[in-house]
Amino acid sequence: MKTITLTLKKKSQIALEFDELIPDEVFDWEKDDFENYQVPVGNKRFPLTDYFDLEVEGTAEGPEEVKMILEGDCGRVKYIGCKMSAGEIIVNGDADLHCGAEMTGGKITVNGDAESYAGREMKGGELEIMGSTREFCGCSYIGDWRGMSGGKITLHGNAGKQLGECLSGGEIYVKGNCDILAGIHMTKGFIQIDGDVTRWPGGQMKNGNILINGKLGILLEGFVFDKIVKDPEIDGKSFSGKYIKYTGDIALNGKGGLYLNAEKNRELL
Amino acid sequence: MEYILKNGIVYDPANNIAGEKKDVMFKDGKIVDNVSSDAKVLDVTDKIVMPAGIDPHAHVAGPKLVVGRIYRPEDSRKGVTTKTDVCRSESGFSIPSCPATGYRYSRMGYGTVTEAAMPPLEAKHTHEEIMAIPNVDVTPLPLFGNNWFVLQWAKEGKIEEIAAFISSWLKITKGYGIKIVNPCGTEAWGWGGNVHGIDDPAPYFDVTAREVLRALSQANEMLGLPHSIHVHPNDLGHPGNFPTTINTLECVKDIEKSSGMRDQTIHLTHAQFHSYAGTSWRDVESGATEVADYINKNKHVTCDVGQITLDETTTMTADGPMEFDLHQLNGLKWANKDIELETGSGIVPFIYSGKAPVSSFQWAVGLELFLLIKDPWQVCLTTDHPNAGPFIRYPRIISWLMSSERRQEMMDNLEVRVWSYKRTSLGSLDRDYDFNEIATITRAAPAKIYGYQDRGELTPGYNADIAVYDLNPNDIDPIKEPAAIEKAFGNAMYTIKDGQILVKDGEVVKVVPSHTLWTNVNGFEEQEKAVMEQVMPTFNRFYTVKFENYKVHDHFTPYPIVTEVQAGK
Ligand SMILES: [Zn+2]
Ligand SMILES: [Zn+2]
């Protein structure tokens with residue numbers, strides 16, 4: 001087991017890019033490898049040690065034996081854990097854009113907020129954010145129609161707009177509230193939101209399921225009432241309580257399921 | 001500066017040199033037959049030497065490309081490189097950035113490419129992009145097949161008016177020749193429709209593709225343009241479309257050729273998309289045999305293939321209704337544009353996969369055409385970049401053409417589905433191209449088809465546009481070593497352009513501005529003047545731009561190569 005601790009000592013105005021510092025790349029690095037490493041900052045590179053104090057303990061045979069701990073406010077550190085396939089990263093602070101993007105395995109925990117594009121195009125592994133995130137969490141790359149396809153995102157705070165855009169697999173759990181168009185263009189996979197949702201979940205969804213335990217502001221016109229279900233089972237997962245089930249988005253002949261907590265959304269009954 | 005490329009094995013089909021060990025010399029940018037003892041020696045012992053490649057049909061500059069890049073950032077992120085001392089950073093796979101386009105052609109040993117669809121209204125912008133593409137000269141073909149003036153005069157049989165209009169518009173747009181895309185069909189798309197076959201009239205104008213093709217061909221020959229009409233026929237991609245294709249070729253057969261530089265009077269582009277039999281995608285069969293037979297029997301025809309490369313790519317064409325059909329088929333994002341009195345266009349991403357029966361079938365039809373057309377001077381290597389795949393796959397296609405074993409292997413191990421041999425004759429074709437035939441379909445034939453008098457051959461006086469590939473033809477068995485063929489043709493040992501070494505060992509070592517090739521017709525001034533008087537009232541009434549802002553001024557072509565033509569000679 002190898003523990004790599006990076007403690008922030010100077011926050012850069014321009015974001016640092018951390019996609020080269022993932023367990024897959026650094027599992028066999030010694031302390032001096034980190035000390036010699038130049039991290040991309042904008043269109044240049046600077047020594048990592050300009051920004052972080054370093055500690056490296058133990059050894060690893062592969063990425064799965066690596067634990068990276070980022071101490072401090074990493075709100076200007078982009079691409080944390082981007083493309084990682086194994087191992088663990090813990091951020092004790094905020095994370096900037098694209099945290100956990102394209103990850104295929106391993107686990108990232110952010111003990112703070114994450115900026116937009118967290119978990120973009122995720123294929124596997126686990127991303128847990130103790131705070132909130134902003135737009136396009138668990139989404140596709142801009143322009144693409146292929147989004148997150150596997151793995152699990154758990155968000156203890158709130159989610160921004162277009163959560164799980166183009167989702168084609170995997171699971172997203174939001175403990176807090178969520179802004180517009182969760183699951184837009186989704187074709188498969190599961191989104192659960194425990195808090196309130198402003199409006200339009202599932203816009204243009206073709207398939208997959210969205211479950212909302214809070215109150216929904218505005219339902220999209222493309223969703224038609226299907227039935228009232230008690231203790232539904234969705235994708236092999238059991239839920240207790242009464243839900244109003246809709247099917248949509250009929251604008252695209254969608255067969256997606258939208259489950260609204262009946263108690264919280266009584267006026268829709 | 002004098003150079004001597006020493007001891008290479010030369011393939012120069014225009015001069016009937018097929019794998020001869022000889023030196024190639026050049027001085028001050030031109031091929032020469034001797035140099036002084038001061039000449040710098042480049043040792044290319046036993047390496048393949050050819051004229052630089054010429055791509056007769058691709059989409060590399062213009063508004064379609066820009067819209068493609070804007071709406072496909074997911075394509076731009078592929079192929080990203082960091083800048084070097086010589087090159088800017090690159091981006092894109094199917095729609096590379098302008099600099100990347102130049103570098104990538106250069107690395108393959110190419111020196112010239114045709115931009116095959118320039119809407120006259122967007123000509124300025126097309127030339128701006130050409131200026132941003134280094135290292136490879138660009139020949140833009142303006143679109144005329146759905147132009148309102150042309151449609152009107154074709155209906156009335158006014159060939160001289162059309163000739164004068166073309167003569168004038170080649171000057172106005174700085175264009176090289178006549179491009180026709182889905183004649184009458186794109187105009188019909190302005191009314192929400194399309195035309196089927198060559199005798200289905202366009203709405204309002206009530207003129208048919210047959211009439212438009214014949215009129216433009218007659219005008220082309222009246223002017224004696226270096227290139228023939230360049231035709232993307234009706235019914236692209238439709239099962240059962242091969243009769244339309246043959247009708248298109250046949251309908252201009254009697255028109256007499258006036259330019260001595262070329263043999264053909266019609267160039268059929270991306271023939272693969274136009275060689276399908278059957279009635280629907282359920283019962284589709286290859287029509288390649290019929291199209292190839294026709295071409296084998298008719299010397300007034302040349303073609304390029306538009307080979308499917310089995311990649312995710314971006315389709316973009318002035319065939320607006322076809323792109324809408326494609327979007328309905330694959331459900332992916334669609335861009336559409338109407339170009340006022342001239343044409344239209346559409347863009348849709350497309351994934352050609354060896355796992356899909358239709359893609360596998362199309363892949364095989366393209367290869368059938370290459371293998372069934374007997375005379376390599378009648379067929380050129382293209383992918384209709386980026387429509388059937390990106391041009392960076394040419395080396396791979398070369399490896400397929402040179403190896404029947406590789407093709408069989410792809411069918412056997414399911415890299416392509418069974419439709420590749422059950423719906424086509426590919427499985428029975430065991431022809432293997434040799435290096436001389438490859439040199440013909442990638443340089444000599446395109447040069448001849450375009451009537452180029454300065455490139456495509458290693459003749460003294462011609463531009464020193466030369467490619468050297470790191471292959472010993474006496475050593476390698478292309479049938480057994482397709483990967484080595486692909487690697488060598490993708491990474492030129494030397495690419496020499498106008499006597500300057502631009503690529504060495506697969507790396508771009510020098511960046512130079514590209515030239516723009518266009519045609520200036522002389523001796524038709526009176527007719528041009530008369531026709532402009534007819535054109536201007538309509539122009540002023542319907543165009544959204546003023547004529548003063550329409551013309552491509554000289555500063556848009558800082559490095560022009562002008563082919564001067566005496567009308568009718
Ligand atoms: Zn075309
Ligand atoms: Zn084309």
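The values are calculated or read from the model by the stated rules, or taken from the named source; none is laboratory data. What you see is a predicted model; the values in this text were computed from it and never measured. Please note: Cβ atoms are built from the backbone with ideal geometry, for glycine as well, and neighbour counts cover all protein chains shown. Surface accessibility is based on the protein's heavy atoms, side chains included, excluding ligands, DNA and RNA. Shrake-Rupley method; radii C 1.70, N 1.55, O 1.52, S 1.80 Å.
The table below lists the values:
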item: Fraction of antiparallel bridges per DSSP, segment A:120-244 only, in percent to nearest 5; result: 20
item: Added length on full extension, which subtracts the Cα-Cα distance from 0.36 nm per residue, residue B:204 to residue B:541; result: 119.6 nm
item: Check: the protein assembly as shown dipole with +1 on Lys, Arg Cβ and -1 on Asp, Glu Cβ, in debye; result: 1280
item: Convex hull projection area averaged over all views, segment A:75-232, Cα basis, nm²; result: 8.4
item: Projected area, mean over directions - the protein assembly as shown, Cα convex hull, nm²; result: 39.3
item: Ranked by how many other beta carbons lie within 10 Å on average, peptides A:197-204, B:231-238, B:325-332, A:216-223 from highest; result: B:231-238, A:197-204, A:216-223, B:325-332
item: Segment B:448-546: trypsin sites (Lys or Arg not before Pro) falling in loop per DSSP and having at most 13 other Cβ within 10 Å; result: B:480, B:546
item: Shielded residues, segment A:121-153 - accessible-area loss of 40 Å² or more between chain alone and all protein chains, probe 1.4 Å; result: A:141, A:143, A:145, A:146
item: Amide proton proximity set for residue B:563, modelled H, under 5 Å, gap of 5+; result: B:518, B:519, B:520
item: Cα-based equivalent ellipsoid, segment B:242-284: semi-axes from gyration tensor eigenvalues, Å; result: 29, 11, 4
item: For q = 0.08, 0.16, 0.17, 0.21 Å⁻¹, Debye-computed log10 I/I(0) when each Cα of segment B:327-484 counts as one equal scatterer; result: -0.31, -1.04, -1.12, -1.37
item: Between A and B, accessible area buried - total, square angstrom, nearest 100, 1.4 angstrom probe; result: 700
item: For segment A:42-109 versus segment B:439-498, the gap between their alpha-carbon centres in whole angstrom; result: 48
item: Per residue, in Å², the accessible surface of chain B once ligands and nucleic acids are set aside, probe 1.4 Å; result: 34
item: Shielding by partners - mean other protein chain Cβ count within 10 Å, residues of B:71-78; result: 3
item: Span from the segment B:335-361 Cα centroid across to the segment B:243-302 one, whole angstrom; result: 21
item: Within a Gaussian network of chain A (alpha carbon springs, distance under 10 Å), most fluctuating of A:25, A:126, A:165; result: A:25
item: Farthest positive-ward along segment A:2-225 dipole, Cα basis, beta-carbon charges - from A:49, A:158, A:225; result: A:225
item: Evaluated at q = 0.05, 0.11 Å⁻¹: base-10 log I(q)/I(0), Debye formula over Cα of chain B; result: -0.18, -0.95
item: Mean Cα-pair separation over length for segment A:2-225, i.e. relative contact order, pairs under 8 Å, 6 or more apart, %; result: 12
item: Choice from A:240, A:168, A:85 showing the highest fluctuation, given a GNM over chain A with Cα pairs closer than 10 Å; result: A:240
item: Entries of B:40/B:510; B:22/B:174; B:374/B:480; A:31/A:107 with Cα pairs more than 27 Å apart; result: B:22/B:174
item: Whichever lysines have a C-alpha closer than 16 Å to that of residue B:355, once near sequence neighbours (fewer than 8 apart) are set aside; result: B:422
item: Simple Cβ-charge dipole of chain A, Lys/Arg +1 and Asp/Glu -1, about Cα centre, in debye nearest 20; result: 1420
item: Cβ charges +1 (Lys, Arg) and -1 (Asp, Glu), total dipole of segment B:412-542, debye; result: 460
item: Highest-fluctuation residue, A:123, A:245, A:83 considered, GNM on chain A with Cα pairs under 10 Å; result: A:245
item: Residue-normalised accessible area of segment A:2-225, expressed per residue, 1.4 Å probe, Å²; result: 38
item: Rounded, prolate or oblate (a/c below 1.5 giving rounded, otherwise prolate when a/b exceeds b/c) for segment A:1-140 by Cα gyration tensor; result: oblate
item: Note, ³J(HN,Hα) from phi for segment A:163-177, Karplus 6.51, -1.76, 1.60, rounded to Hz, x at Gly and Pro; result: 4, x, 4, 6, 4, 10, x, x, 9, 10, 10, 10, 7, x, 8
item: Set A:206/A:237; B:155/B:253; A:83/A:152; A:161/B:78 screened for pairs whose C-alpha atoms are more than 24 Å apart; result: A:161/B:78
item: Set of aspartates and glutamates with alpha-carbon distance to residue A:78 below 12 Å, sequence-local pairs under 8 removed; result: A:17, A:19, A:20, A:94, A:96, A:115
item: Segment B:146-182: GluC sites (Glu not before Pro) in DSSP coil with no more than 11 other Cβ atoms inside 10 Å; result: none
item: Accessible area of the protein assembly as shown belonging to carbon and sulfur atoms, whole % at 1.4 Å probe; result: 48
item: Cα shape, segment A:161-269, gyration tensor, a/c 1.5 rule; result: rounded
item: Burial ranking of peptide ranges B:353-361, B:311-319 (average Cβ count within 10 Å, highest at the top); result: B:311-319, B:353-361
item: Extension reserve of the residue A:269-residue A:35 stretch, reckoned as 0.36 nm per residue once the Cα distance is removed; result: 78.0 nm
